[in-house]
Each structure stands twice: as structure tokens, then as C-alpha cells.
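The values are calculated or read from the model by the stated rules, or taken from the named source; none is laboratory data. On a predicted model such as this, the values are computed, not experimentally measured, just so you know. Methodologically, a virtual Cβ is constructed for each residue, glycine included, from the backbone with ideal geometry; neighbour enumeration extends over all protein chains shown.
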Amino acid sequence: MDFTQTLQVSQMIVSELSGSAFVHKMQGLLFKSRGLEKLGQKYLDHYAEEMEWVEKYANRMIDLGCVPQVKLNQESRLIEDPVEYIKADLKLQREGVESLYKIMPALATDPTTYDITKAYLADEEEDLYWDEEQLEMIEKIGVQNWLVRQL
């Protein structure tokens with residue numbers, strides 16, 4: 001069986017996700033340093049969760065006889081304003097979920113990677129919904145009240 005598409009998709013996810021996971025870690029550290037303990041911990045936990053997905057895809061590539069490549073992404077700036085960060089993260093989440101939906105058909109001939117990606121997609125949708133819920137809450141209760149909840 002030809003696993004070329006599986007390997008390409010897996011490498012893309014490993015590269016992109018490891019970079020965005022590290023940004024989440026740095027954002028978490030920044031938010032915690034500003035006293036936003038809950039929000040900071042949310043993103044530190046998110047980092048750990050995303051690195052588990054990186055590991056799953058890397059292991060799948062290794063199982064298929066391919067050595068994953070370490071590709072460093074371009075520089076990313078941290079966003080100091082938590083509300084602006086959630087807005088930016090929501091935009092990235094939407095783009096990521098849309099991309100995952102588009103690549104699912106390419107994985108149909110590899111049930112193992114398809115199942116990993118299906119579970120990853122569900123996890124990413126949850127993250128997207130969390131961002132949306134936070135922005136809705138900010139709109140309803142105001143930024144200051146929302147920030148108090150993040151302490």
C-alpha cells in the first residue's frame with residue numbers, strides 16, 4: 001500500500017502542531033506571569049495535549065518506516081492581551097479545523113492514520129468551541145469580569 005499521502009499529512013501536522021504547541025506554552029507562561037493563573041494553566045495544559053498528538057503522528061510515521069523531520073517554523077510573537085490572543089487563536093483554530101476536514105478523504109485508504117486524525121479533529125473542534133465560548137462570555141459579562149475569572 002502507498003502511504004505517501006499519509007506521510008505527507010503526518011509530517012505537515014508534526015511540523016505545524018509542534019510550533020503552535022510551543023506558542024501555547026509561551027502564552028501560558030506569559031499569562032501566568034501576569035497573574036492569570038487559570039488562563040495560563042489552560043494554555044500550558046494545551047501545550048502538553050498538543051505534544052501528545054505530535055507524538056502520535058511521529059510514531060505513526062516511524063511505524064511506516066519514515067523518520068519524521070524536524071522543521072522549525074517562522075518566528076511568532078506572543079500577544080500580551082488575553083482577549084486579543086483568544087481572537088487570534090480562534091482564527092487559527094478555524095483554519096486548522098477546515099484544513100483537517102479537507103485532508104480526511106486523502107487518509108481514507110489508511111484507517112489507522114484516518115482514526116488518529118478523526119480523533120485529533122474532534123479535539124481541535126473542542127478547542128475552537130472553547131475559544132468561541134470565551135469570546136461570547138466576554139461579550140456578555142465584560143472583559144474585567146472575565147479577567148477576574150482567569151485569576
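Overview of values
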quantity	calculated
Filter result (under 26 Å from Glu98 (Cβ atoms) and surrounded by 21 or more Cβ atoms within 10 Å (Cβ to Cβ)) within the range 29-45	Leu39, Tyr43
Number of positions in the range 62-81 that are hydrophobic (A, V, I, L, M, F, W, C) and either surrounded by 13 or more Cβ atoms within 10 Å (Cβ to Cβ) or closer than 23 Å to Glu133 by Cβ (or both)	4
Answer from Glu52, Glu95, Glu84 - the residue that is at pLDDT 95 or above, surrounded by fewer than 19 Cβ atoms within 10 Å (Cβ to Cβ), of a type in the set (Asp, Glu) and under 18 Å from Ile138 (Cβ atoms)	Glu84
Residues that are of a type in the set (D, E, K, R) and under 21 Å from Ala48 (Cα atoms), drawn from the range 118-140	Lys118, Asp123, Glu124, Glu125, Glu126, Asp127, Asp131
Sole exception among (1) modelled with pLDDT of 95 or more; (2) surrounded by 14 or more Cβ atoms within 10 Å (Cβ to Cβ); (3) farther than 13 Å from Ser20 by Cβ; (4) not hydroxyl-bearing (Ser, Thr, Tyr) for Ala106, by number	(1)
Residue check, Tyr101 under 22 Å from Gly19 (Cβ atoms) and surrounded by 14 or more Cβ atoms within 10 Å (Cβ to Cβ)	no
Single unsatisfied condition, Thr112 versus (1) touching an Asp or Glu at 6+ places or on another chain (Cβ under 9 Å); (2) of a type in the set (Ser, Thr, Tyr); (3) surrounded by 14 or more Cβ atoms within 10 Å (Cβ to Cβ)	(3)
Pick from the range 1-17, criterion hydroxyl-bearing (Ser, Thr, Tyr) and in contact (Cβ under 8 Å) with a residue 40 or more places away in the chain, ranking: farthest from Glu55 (Cα to Cα)	Thr6
